């Protein structure tokens, strides 16, 4: 299953079925159409985690909050911009810039151009730049171009420098990820 997170907080899976979402542009209603279920009021936007400040003019940020757990079999999250995980993800993550917050927990492979870890990861990290902060707890292998490990970070695994950038380049197209995961 491939999950694509876009800037409008939409989560959809392969086949186009919408599992969860919040849209800021509701669909127009046609005159004479049957009444639909009552609309839910917009959800309040939670503030970004402490210490997380997007740069002015930066791309959108998708946040998996501390009250959200994404679990299942063969799940891959794809985020083309910045992803902040402060909840739990049981699956792989492909992204451009992925941050695992202090309360974040990921079981799976994270592949991104930039990976910053403050929380826990049980699985491989594959990225151009990987930064493990003092609160990071990693159980898995690291494949990188640049690696920063702060004093206090806990790491159990192997480290290897990527011989070629293709080894660590994330796939940021959800259709391509779905096709790759469906291949035998």
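Quick notes
- The residues of region 112-125 that are surrounded by fewer than 24 Cβ atoms within 10 Å (Cβ to Cβ) and within 19 Å of residue 76 (Cα to Cα), listed by number, are 113, 114, 116, 120, 122, 123, 124.
- Scanning region 150-184 for residues being part of a loop (DSSP other than H, G, I, E, B), touching a strand residue (DSSP E or B) at 6+ places or on another chain (Cβ under 6 Å) and either within 16 Å of residue 112 (Cβ to Cβ) or at pLDDT below 95 (or both) gives a total of 5.
The values are calculated or read from the model by the stated rules, or taken from the named source; none is laboratory data. In this text, all values refer to a predicted model and were calculated from it rather than measured experimentally. Quick reminder, even Gly has a Cβ in these numbers, built from the backbone with ideal geometry, and neighbours come from all protein chains shown.
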